[in-house]
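*Asks:* Can you read through this structure? Questions will come right after.
The values are calculated or read from the model by the stated rules, or taken from the named source; none is laboratory data. Values in this document were obtained by computation on a predicted structure and should not be read as measured data. Positions of Cβ are generated from backbone atoms using ideal geometry, with glycine treated the same way; all protein chains shown enter the neighbour counts. The protein model used for the area step is the full one, side chains on, heavy atoms only, and it has no ligands, DNA or RNA in it. Shrake-Rupley method; radii C 1.70, N 1.55, O 1.52, S 1.80 Å.
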Amino acid sequence: MLSWYLEKAGLSFIVIDESKPRSASKAAAGIINPITGRRMVKTWMIDELMPFAWNEYKSLQADLNAQFISEKPVIDFFPSPQMLHAFLKRYDEDSQYLYKADDEQAWDTCFNYEFGWGKIQPCYLVDVQALLFLYKKKLFRQQLLIDEHFAIDQLIANENKVHYKDIHAGKIIFCDGIESFNNNYFKGLPFAPNKGEALIIETENIAAGYIYKKGITMVPWKDNLFWVGSSYEWEFKDDQPSEMFRKRTETILRQWLKSPFKTVDHFASVRPATLERRPFAGFHPVHTQIGILNGMGTKGCSLAPFFAKQLTGLLMQQSTILPEADIRRFAKILSKPYPGGRIN
Ligand SMILES: Cc1cc2nc3c(=O)[nH]c(=O)nc-3n(C[C@H](O)[C@H](O)[C@H](O)COP(=O)(O)OP(=O)(O)OC[C@H]3O[C@@H](n4cnc5c(N)ncnc54)[C@H](O)[C@@H]3O)c2cc1C
């Protein structure tokens, strides 16, 4: 997203991105959902983020001559009487985005559900895999992409310039997901890595026009495939798919779906989440030629376009970054001398 805005702003850039099969973006379902959590509250800034994201992805679609965003309402099957109660309470307080079931039996040919359902609308679904594939192809064609590992020990940062191998630039911006946690410029930021797993299942008779939820979420992927997930683990030993997640999810699916299904893939990745659940955007207070766009946590699809555009605006000296996301809020921590002496 950042490189797209840089291009639109007429700034010259080069992207260094090593293709990793399981980056957070490649594992993501791609949902932009205005409602979150057990209390079914509105997600942070969603009234602004949703229309913004929709328009920006639409415009990017036109640029790439492809389709990767669609509107898909969430059919929320309440997994317990408590969740039904939470939905109704929320509906009475603020019904924006929420709809009560118009026909309780509407889904009972495909799903088992005991406590009714409600609908969340609008929700958007971004096909992140297709978007990344097409965008990387465009960057390759323009000779703006180097698909290799960026070795930070080869970065030389002078007062106004950065040098990396034979690249000499005014700025460098790290958008490297969980890798930033070990980057000596930014590792003082309060990151909080969060592991998530998902299954890809094959099943029939379920309409691909919706996202389905019953504790877990089932998202149309492609053809008869659905993405099913996810877990949210704050403490984990490794970033690999676990037998426990697969068995637990398949058990839930056997009780929920009326049709048989087959698991065809299972993956895990780590979300670049933050303790405060707010992104990190901006430039280092001491090494001002070094920037970051990160900390998208569970909401990269809605947050990334918005803050990529703000960061581009900052580079153009046309706008600032929202204080809740601006890394200047950590200026004190980031200004501390790095104990190892040489920073990179
Ligand atoms: C299971 C799961 C489900 C999710 N579902 C959703 C969802 O439905 N909706 C939503 O909005 N968000 C979702 N997320 C969160 C979303 O995936 C993240 O917020 C987002 O992908 C973060 O994007 P990123 O570009 O910051 O990091 P990444 O996607 O991790 O990208 C970082 C990139 O940097 C590259 N890189 C790192 N280090 C180097 C290096 N040294 N040299 C070269 N390249 C490097 C990596 O290869 C990668 O391409 C989900 C996450 C998971 C794990």
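*Asks:* Determine which member of the set 262, 309, 258 is in contact with a Phe, Trp or Tyr (Cβ under 7 Å, 6 or more places away or on another chain), more than 30 Å from residue 161 (Cα to Cα) and surrounded by fewer than 20 Cβ atoms within 10 Å (Cβ to Cβ).
*Replies:* 258
*Asks:* Right, next: Looking only at region 101-109, decide whether some residue is among the aromatic types (Phe, Trp, Tyr) and closer than 15 Å to residue 36 by Cα.
*Replies:* Scanning region 101-109, I find no residue that is among the aromatic types (Phe, Trp, Tyr) and closer than 15 Å to residue 36 by Cα, so the answer is no.
*Asks:* Follow-up question, since we're still on this one. From the set of residues in region 148-183 that are out of contact with any strand residue (DSSP E or B) (no Cβ under 8 Å at 6 or more places or on another chain) and within 11 Å of the ligand (Cβ to nearest atom), which is least open to solvent (accessible area, probe 1.4 Å)?
*Replies:* Only one residue fits best here, namely 151.
*Asks:* Still on this structure, I have one more. Between residues in region 4-31 that are touching a residue at least 12 places away in the same chain (Cβ under 8 Å) and residues that are assigned to a loop (DSSP other than H, G, I, E, B) and within 6 Å of the ligand (Cβ to nearest atom), which pairs lie under 7 Å by C-beta distance while being six or more apart or on different chains?
*Replies:* Pairs found: 16/150; 18/149; 24/272.
*Asks:* Shifting gears a bit: Of all residues in region 200-255, which are closer than 30 Å to residue 179 by Cβ, open to solvent by less than 80 Å² (accessible area, probe 1.4 Å) and among the polar types (S, T, N, Q)?
*Replies:* Within region 200-255, 217, 230, 231, 242, 249 meet the criteria.
*Asks:* Ok, one more. Residue under question is residue 217, and the condition is that it be under 30 Å from residue 110 (Cβ atoms) and within 13 Å of the ligand (Cβ to nearest atom); does it hold?
*Replies:* So residue 217 passes the test.
*Asks:* In the list 274, 263, which residue meets the criterion of being under 28 Å from residue 117 (Cα atoms), touching a strand residue (DSSP E or B) at 6+ places or on another chain (Cβ under 9 Å) and polar (S, T, N, Q)?
*Replies:* Exactly one of 274, 263 is under 28 Å from residue 117 (Cα atoms), touching a strand residue (DSSP E or B) at 6+ places or on another chain (Cβ under 9 Å) and polar (S, T, N, Q), namely 263.
This table checks each residue for (1) assigned to a loop (DSSP other than H, G, I, E, B); (2) touching a residue at least 24 places away in the same chain (Cβ under 8 Å); (3) within 15 Å of the ligand (Cβ to nearest atom); (4) of a type outside the set (Lys, Arg).
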| site | (1), (2), (3), (4) |
| --- | --- |
| 240 | yes, yes, yes, yes |
| 246 | no, yes, yes, no |
| 251 | no, no, no, yes |
| 281 | no, yes, yes, yes |
| 287 | yes, yes, no, yes |
| 320 | yes, no, no, yes |
| 334 | no, yes, no, yes |
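*Asks:* Which residues, taken from region 1-43, are under 18 Å from residue 196 (Cα atoms), surrounded by 20 or more Cβ atoms within 10 Å (Cβ to Cβ) and more than 7 Å from the ligand (Cβ to nearest atom)?
*Replies:* 33
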